[in-house]
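**Student:** Provided herewith is a single structure, encoded as structure tokens, for subsequent inquiry.
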Amino acid sequence: MASHPTRAKTWYGHGLPYLPKKRLPGHLIAIEGTDGVGRSAQIELLRPWLELEGYAVSNTGWTRSPLLSETINEAKAGHRLTVTTFSLLYAADFADRLEHEILPALQAGFIVIADRYMYTAFARNSVMGADPQWTREVFGMALVPDLVLYLDIDVESLIPRVIMGKGMDYWESGMHLALGIDLFDSFERYQGRLIDEYRRLSGEFGFVSVDARLPIEELQSELRKHIAEYLSGANDKSRPDSADNRASTRKE
Amino acid sequence: MPEKDRPVIETAGSPGGPAAPELPAAVPSPNGDVIPSSTGSKSAAGTAPKTLLETPHPYRGRLICVEGIDGSGKSTQLLLLERWLRSRGYPVHFTEWNSSRLVRRSMQRGKKKNLLTPTTFSLLHAVDFADRLTYQILPPLKAGMIVLADRYVYTAFARDVARGVHPEWVRAVYSPALRPDLTLYFRVPIDVSLERLLAGRAKLKYHEAGMDVGLSTDPVESFRMFQSRVLEIYDQLTLEFGMCPIDATAEIPNQQRVVRTMVQEILRDYDRNRGSGKNGVTSHSR
């Protein structure tokens, strides 16, 4: 696997123009992958390891913002959401965590591990039929992660894990899209499409893809290997404080 | 361009390279000037076909919006218009900014605990709008009704940009919005609106006064500074989107006369008796 080049932090689109420019010496690592692939178990194992290595770690997760998590859960329990309102709720949740969790932690020099990032919205929206360009413009306020680790799996291997785990869920099976005659059928198609989309995004955005079918410990050491590689590169380059890590703005 | 291949543009000092599209700072200057986003070198949006906001909608109904700062008297005028339309037998549907229950709790929580940033403030209002677009605006429009909207996307374009979000970003967020048939902009000097608001109730609301922006700790002074920014942007939007400015310092009945004349104009070829066509789309384009 190629080494991961370090680079100055950049906004995905227009960023947050009203924020004063500050150095962001921390590291933003996003873990992506479809539902049930084992992201949270892996993240739980990463934290103690990084702390032993001497890094302070901060976690953030999709739909976990104090401002919106209740609203999102409530909305998912009802039948009111459209692709558009769904996406905007995700974006609001993301922006809340970006400004109140991610950026302050990066300023303080933490490693931020994000359980899912904007690519989740890109993948889901694309499968749900939203205008992909629109989704990307909405997430123009996002900071581009330093490293995206993608837990890759095929639907066939995913299914038994989900069934033995928490079971097939209405939304994660894409039942709202009425894709199949029953839950299983729908899950298979919806997750299949999601995974196809993630794989496409992986190429487009340069994710580091790891085989999520590996046993937990092996997968964990794969992830650690990539993170260590990234960190050693980042430390070589930015330690002398020559590289200014303030996020810069750029546009597609 | 694939993400990994994108050039990194340094914030300051670095030449950036000729390939890097220039991004103007969107932060409003202290005197309230908001530098509009690059009009000449729009990358993705500029080459795209016209947005919905620039294209007349195809539905049989009519969408009439009122805009203006707080205390401009727009809601009063809309109420008088609604009375008049109903008395003449028109099917009318009223919808108001920030009224969807979908984000009510988050909005209240965010405002009360002062958790909102310019971006989340903007996005929560966008959820509200998108929800009302689906449930309150599109169905009556397709059914051939007259939709009256108290505030529309221009409120976001003015207020959120005054709070510091990028003008192009907020336009992109609201790009599912339809173009109104008529947007009435009630133009009023800050002092007049302040006088009206303070006469009506003792205190200015926190966000209405732009207290979250931190321009001044005095609510009245903050209102003056923040709403001056908003006014200035509204003036630019009037040109950009063809809003019809109305002198909101005039006597109420005189304003209403102007409003009704303008509404009559857009109702000229409106046929309230036509049955619901397929999908509510008119056969001829207006």
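Throughout, read-outs are computed from the coordinates displayed, never taken from laboratory work. Just so you know, these numbers come straight off a predicted model, no measurement behind them. No Cβ is skipped: glycine too gets one built from the backbone with ideal geometry, and neighbour counts run over all protein chains shown.
**Student:** Equivalent ellipsoid semi-axes for region A:43-139, as square roots of 5 times the alpha carbon gyration tensor eigenvalues: give them largest first, rounded to whole Å.
**Tutor:** Working through the eigenvalues yields semi-axes of 28, 14, 12 Å.
**Student:** With a bin width of 10 angstrom, please list the P(r) values of region B:70-268 as percents of all Cα-Cα pairs, from the 0 bin to the one holding the largest distance.
**Tutor:** It works out to 8, 33, 39, 18, 2, in whole percents.
**Student:** Let me confirm one metric for peptide B:160-167, namely the mean number of other chain beta-carbon atoms within 10 Å of its residues' beta-carbons.
**Tutor:** Other-chain Cβ atoms within 10 Å of each residue's Cβ, averaged: 3.
**Student:** Now, a different point. With everything on Cα atoms, drop me the angle between helix A:216-238 and the longest principal axis of chain A, reported from 0 to 90° to the nearest 10.
**Tutor:** 30
**Student:** Which whole-number percent of Cα pairs in region B:91-209 have a distance greater than 24 Å?
**Tutor:** Counting pairs separated by more than 24 Å, the tail of P(r) holds 34 percent.
**Student:** Please list the equivalent ellipsoid semi-axes of chain A, computed as the square roots of five times the alpha-carbon gyration tensor eigenvalues, in descending order and whole angstrom. Write down the numbers at each step before the final one.
**Tutor:** Values: eigenvalues 177, 98, 50 Å².
Semi-axes from the Cα gyration tensor: 30, 22, 16 Å.
**Student:** Quickly estimate the mean residue ellipticity at 222 nm for chain A, helices only: each DSSP H run with n ≥ 4 gives -39500 (n - 2.57), and the total goes over all residues, rounded to 500.
**Tutor:** The helix-only estimate for chain A comes to -14500 deg cm²/dmol at 222 nm.
**Student:** Would you be so kind as to identify which of A:ALA105, A:ALA41, A:ASN73 lies farthest towards the positive end of the dipole of region A:35-108, taking Lys and Arg as +1 and Asp and Glu as -1 on Cβ and the Cα centre as origin?
**Tutor:** It is A:ASN73.
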